Amino acid sequence: MATIQIVGLGPGSWTSMPLGTYEQIQNAKPLILRTERHPVVEILAQKGISYRSLDEQYEQAEDFDSLYETIVEMLFQEAKEQGEIVYAVPGHPGVAERTVQIALQKSAGAQVDVVIGPGHSFLDELLLRVGVDPTEGLLILDGTSPRADQLNPALHTVFVQVYNQSVAADVKLTLMDVYPDDYPVTVTRAVGVEGEERIEQVPLYELDRIEWIDHLTTLYLAKSEEERITHRQFSKLVEIVRILRSPEGCPWDREQTHQSIRKHVIEEAYEVAEAIDLEDPDALAEELGDLLLQVALHAQIASEEGTFTVFDTIQAINDKLIRRHPHVFGDRQANDAEEAVVSWEETKRREKQAKGTTEKLLDSVPAGMSAMQVAYKLQKKAAEVGFEWQSIDGVLDKLREELDELQATEDKADELGDVFFVLVNLARYLKLDPEACLAKTNLKFRRRFGYVEEKLEEQGKKLTESSLEEMDEWWNKAKLVEKK
């Protein structure tokens, strides 16, 4: 079987190269280097050791993933032709070397034996320089594919393969999702290489402005328990709620049950909606936090009861979103929002059938919402099976009919309810959310009536001391001000 011997050139200094590596590359025919941009390569050349590098592949590849796949295929082909080759990579073969991982994964299928030889990782030198014991908790990430969901400020963090300022910029933007803009970042280059080593600490926002960043650059961020960082973590919210519910926590929080705080979920949801209507992003961020607290509280109560945890809740919604979006995560197609809704409802229907759930069409509409929202959803469900007017004219005719009946009947409450129901249907035909429309009008009324009150106070009058004509005059002026 063809064989690929993979060895590591060490972090950069000649003295840090393992003796076993030197012995293998000395006799290698052929010797292939992933890159010759490494401090010891010049010494290899001086010692008469011939090699071939794959640097030209970096210039031709469109992205790193395709580059690494191409390199591995080339190595397999070369090994089959030569019988055995030595492939040398910077540092240690098992650390931050994607080509090595791919080769190991595909070796059996390619019928190539991949043997990992000696190496000395740059991480050893880096951790010594920054004074970190990895047993304290260490997170090592690839700078070429940074993701905010991988970050954990409770761990020391190292970003490898920060090749250039462009990669550094991507890392910076990712880190800023979790860390403050001025958080200190230690930037290192050629750690352990005498005369070339450089270590500098800069605020995060300056990371991609460093001109000396190159293929030997690694980033380090110390673990942190600063509140400005930990308070941005969902895990901190879960911990705070757990403490509040503990025997040493808050007496009020300890007494709460699902039923006792049920009303707060509804209240917080309405406050979120109000912030949306006000187009106030700061208020929206705060109100969403209050709503998230309700989720955490209910999950903590359930955890204490042994029914579910917050992680069950997160898994449930993640599973549902993927399951009900087959046009995104599966093999279906949805060309517009309407087709996406049809796909969602069809998937939902099949789920209920699989569970053996039998219910009438309108049973799926929850009664706990506002009456207007319930009316909207009831009508929408009925419309799905064809129970609706063919055009908006039918809705308008029905509205006139209900208004006439309201005027003629003594049972005003019943007929007024019918009027509201038809108005909700009218909103649906106009593709408007009746709840949002009324909320907008409520805000408008607040704004205009506040203007009336303010102007009367400027005249030394109270609302109760003013006539309807005076208030109406200022009301009309408020409308004019808004239009201007």
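Observations on the model:
- Difference of contour (0.36 nm per residue) and Cα-Cα distance, Asn152 to Glu225: 25.2 nm
- On Cα atoms only, tilt of 64-82 relative to the major axis of the chain in degrees: 30 degrees
- Global geometry of segment 3-53, whether rounded, prolate or oblate, following the gyration tensor of its Cα atoms and the 1.5 cut on a/c: rounded
- Relative contact order of segment 307-429: 16 percent, from C-alpha pairs under 8 Å at least 6 residues apart in sequence.
- Each of Met369 and Lys80 was given a label point 7 Å from its Cα along the Cα-to-Cβ line. The distance between the two points is 6.0 nm.
- Gain on full stretching of the segment that runs from Glu457 to His264 - 0.36 nm per residue minus C-alpha separation: 65.9 nm
- On full extension, the segment bounded by Glu69 and Thr35 gains 10.7 nm, given 0.36 nm per residue less the C-alpha separation.
- For segment 212-359, the number of Lys pairs separated by eight or more positions or lying on different chains, with C-alpha atoms closer than 29 Å, is 9.
- Along the chain, longest interval not containing exposed chymotrypsin sites (Phe, Trp or Tyr not before Pro), exposed being DSSP loop plus at most 12 other Cβ atoms within 10 Å: 1-211
- For segment 183-342, the normalised intensity computed at q = 0.11, 0.17, 0.18, 0.20 Å⁻¹ comes to -0.79, -1.06, -1.11, -1.21 (log10 of I(q)/I(0), Debye sum over alpha carbons, equal scatterers, no solvent).
- Proximal aspartates and glutamates relative to Lys381, as straight alpha-carbon distance under 14 Å, when same-chain residues fewer than 8 apart are discounted: Glu345, Glu346, Glu359, Asp363
- Table column - 3J(HN,Hα) (Hz), segment 262-277, Karplus curve with 6.51, -1.76, 1.60, x for Gly and Pro: 4, 4, 5, 4, 5, 4, 5, 5, 5, 5, 4, 4, 5, 4, 5, 5
- DSSP-defined antiparallel bridges as percent of all bridges, the chain, nearest 5: 40 percent
- Computed on protein heavy atoms with a 1.4 Å probe, the accessible areas place Glu469, Glu305 in the order Glu469, Glu305, largest first.
- Approximating the spin labels as points 7 Å out from Cα along Cα→Cβ, the Ala408-to-Leu362 distance works out to 2.4 nm.
- Counting only heavy atoms of the protein chains and using a 1.4 Å probe, Ile317 has close to 80 Å² of accessible surface.
- Computed over segment 64-177: relative contact order in percent, which uses C-alpha pairs under 8 Å that are six or more apart: 20 percent
- Inter-site label distance for Thr441 and Asp55 at 7 Å from Cα along Cβ, in nm: 7.3 nm
- Share of pairwise Cα separations in segment 327-484, more than 20 Å, in percent: 69 percent
- Contact order normalised by residue count of the chain, Cα under 8 Å, 6+ apart, percent: 10 percent
- Using the Cβ-Cβ distance between Leu468 and Asp397 with R0 = 45 Å, the FRET efficiency computed as 1/(1 + (r/R0)^6) comes to roughly 0.80.
- Degrees separating the helix 371-384 axis from the principal Cα axis of the chain, which is the longest one: 70 degrees
The values are calculated or read from the model by the stated rules, or taken from the named source; none is laboratory data. On a predicted model such as this, the values are computed, not experimentally measured, just so you know. Note: ideal-geometry Cβ built from the backbone for every residue, glycine included; neighbour counts use all protein chains shown. In case anyone asks, the SASA skips ligands and DNA or RNA and just uses the protein heavy atoms, side chains included. Shrake-Rupley method; radii C 1.70, N 1.55, O 1.52, S 1.80 Å.
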